[in-house]
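Reviewing the structure listed below.
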């Protein structure tokens, strides 16, 4: 990267601090288990080869840039998504991976359409919004109504008699981490007290007039009202207006509609195991994204990192005893049809899914993995983690997984999620600004290295990772 | 401010460094001129009262928030601008300021209209844009054409034979500070080689998919072609596409149009001088803004800071010998009609304009002032600057002024511009994100204090500031 923006610079300080922490941790761990015949001794050479290969060039970054530029955002139901999947299947076969297939699943097809929010009183100006996934549209002329700003559901209840006929803005303005409460259920709660649409404060810690979309719910018992995210700036502004006693009137127009389900595909490719081909280490992310930005962080990077990890195992001629399978799941964002479809299609294999590894938090500087599984498995993974100390990515913490491997984990598969420096992730998450220029080739390569080493060693070690 | 975003946090490191510099500087200066009967001795008490009053509450911030929320962006030709001016005239009179008047000037009336840029190849997606001020529109169906990406005018010349019938993207991707070369003149140069529209990389060092608008030129001899700013992200993307040999096709739609000039007003208010009422210290900023965001930084904050500075002189019962006049100039952004109109209306007074002070770089933490004028005047101002050492805002540097006081400075008036920590200014400049939540009440108060002390002492000191 020739130059990094101040937005990126600001994270380097945080990263430096994080790195120091990681080093401290690694030193602690390295005092453990280093005798002969340990996993660390046995796999040091292979791990170092994988790490060296992962860091050797910008192939993964260039591939991710090609994918995100050429196909753009990859929303379920879109031509972009299916074109990206076609390309991926072809490129995986060209890579020499085995059993490259697209497994069909039906996915929802929500279309955003044109949308706008215009402040009408106390002055007239346009606001930046993103409709929430699954929202109904408004009539063509829009909905013009007064806004009632509430902090949370308790505040809504306290002002329930003021909500009828209004547009409720949920302005939960304290960022305590990713919290989808109001995005998911705000429309249901507001409709119950007679609101005719909702706005939510974007789920984000920072903003440059940046709206964030995401999934949201309706239920059977309340009217389906339109719903959209406003920026932190506009949420703050409407809060100030209400605090001053100013009447707030807006006109919301949304062309959103839900079309019939369409066919999509999960993408699978393998390095088949040399001794236990039926035992599977699955790693991946989701190929679909929201319909804005490029889905570079969420989750193009995760998919490409997992793909590159498996490709490196293949390219180096490593022959793991078990099968290493990369999966690019479809429709994580607004339906989970890919993850559920994979589980259903592979129901007979689930007991032989030894470990699932997902990257869906952005391919920033990796720290290690969060793991959900047995204590015996955890102890083994901590040993494997020592092979990643050299790149400060060996920290194995308790608890972790991912949305796409969730259905398999619910059936008993041990699962882990790549953990990374998440400082910036929610600045860009589900926005126009989720683009590749925010990512760093070296950090992506470190993610590839961590996933490759972890997947390969678990696939090749004598012992089957215990459940 | 209850909480500051990471975008804001990141600047605190820079600020801390700047503060250390400022302290070092102050120590150097404080070794100078501290004998009896110096300006510093004479005005220490008044200066401290002004500073104390400026820092006492959040009145200025609340007033700025009220103005920006209630009237919104204040673009020349808009109802918002004239409503803000009406309110300002009324509020200044209620403040007890003297000679509160609106001086009429005709201003341009450019209207943005609906606008969109859709990438058609290699994939279809919507891009975030802002049309450049003064642009012509496109036909209603838009212009669909291939994009030619160039770095600069030399690169355009080298590829002149490829530009005909295309949309040229000026992607000058090295930020070396604010440079409007391509925004101002790109359309002229591209039209000369047959391009049918231009896009420019937004003039900014950082982006969260943030387009930046601004003024731009046509000339008499070349066709007037549509022109818009794209985000850094999309400029980078199109550069990568071209570098890969991918064909880039976009559809640009702009409803921009220029309507007949309309009436606006410069706002003036005074504390009339007790001994030399005809001698004037003028301070201010511009009340107009671009038609996006709130114009909180550019330049609502400058106007309110100058206004508050004059109000404090009034409220404290200080009676400067010369007149202190606050001016909120209109139409700085796309015409300079306010500044030129003021000069013309006050042509007989210009020789008695002792000093002009402008704030138009955002009301962030002030460092002092940049001054353009004689060496004798500079030496006096450096002395006055010592009164601002306590708030680290006393650094007087050579060279400075402001767009609105420019026409007066061209006629011989000494001029100075408030200098501030400019780290973030161009992140938000001319964007939807120029909103009040990026500003800090205490930093705004420091700007008020600096302007109040400087204006008051120059207005009251025995010596007329030499030209």
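Coordinate-derived values only; no laboratory data. Everything numeric here is computed off the predicted structure, so don't read it as measured data. Note that each Cβ is placed from the backbone with ideal geometry, even for glycine, and that neighbours are counted across all protein chains shown.
General observations
- Copies compared at residue A:151 - label distances in nm, ascending, label defined 7 Å from Cα in the Cβ direction: 5.5
- Principal-axis tilt of helix A:6-29 within chain A, Cα atoms, nearest 10 degrees: 40
- Using the average count of surrounding beta-carbon atoms within 10 Å as a protection proxy, the listed peptides B:339-348, B:194-203, A:187-196 rank, highest first, as B:194-203, A:187-196, B:339-348.
- Tilt relative to chain B, helix B:232-244 - C-alpha long axis, 0 to 90 degrees, to 10: 30
- Summary for residue B:164: label point 7 Å along Cα→Cβ; distances to the equivalent points in the other copies, ascending, 7.0 nm.
- Our Cα-only numbers for segment A:113-255 put the radius of gyration and Dmax at 13.4, 37 Å.
- Cβ-derived FRET efficiency at R0 56 Å, residue B:350 paired with residue B:243, nearest 0.05: 0.55
- Whole-Å distance, taken between Cα centres, linking segment B:168-229 and segment A:284-321: 37
- Per-pair calculated FRET efficiency, R0 = 22 Å: residue B:114 and residue B:192 via Cβ, rounded to 0.05: 0.15
- Rounded tilt (10° steps) of A:59-71 against the dominant C-alpha axis of chain A: 30
- Calculated FRET efficiency, residue B:146 to residue B:221, Cβ-Cβ distance, R0 = 30 Å: about 0.75 to the nearest 0.05.
- Distance from segment A:125-150 to segment A:345-393 (C-alpha centre basis), Å: 42
- Globularity index of segment A:234-336 is 1.76 (Cα radius of gyration / 2.2 N^0.38 Å, N = number of residues).
- The length gained by stretching the chain between residue A:340 and residue A:376 to full extension, at 0.36 nm per residue less their Cα-Cα distance, is 10.2 nm.
- Pairwise label distance in nanometres, residue A:398 with residue A:262, each label 7 Å out on the Cα-Cβ vector: 4.6
- Overall form of segment A:308-425 per C-alpha gyration tensor (a/c, 1.5; a/b vs b/c): rounded
- Teacher prompt: residue B:319 distances to equivalent labels in other copies, 7 Å Cα→Cβ, nm: 10.2
- Size descriptors for chain A: radius of gyration and Dmax over Cα atoms are 23.4, 75 Å.
- Peptides B:451-462, A:301-312, A:137-148 ordered by packing proxy, namely the average of other Cβ atoms within 10 Å per residue, highest first: A:301-312, B:451-462, A:137-148.
- Taking segment B:113-255 and dividing mean pair separation by its residue count, relative contact order in percent (alpha carbons under 8 Å, at least six apart): 39
- Counting every pair of alpha carbons in the protein assembly as shown, the share spaced more than 49 Å apart comes to 29 percent.
- Segment B:65-162, relative contact order in percent, only Cα pairs under 8 angstrom and at least six apart counted: 15
- Cα gyration tensor, segment B:363-435 - rounded (a/c under 1.5), prolate or oblate: oblate
- Mean Cα-pair separation over length for chain B, i.e. relative contact order, pairs under 8 Å, 6 or more apart, %: 21
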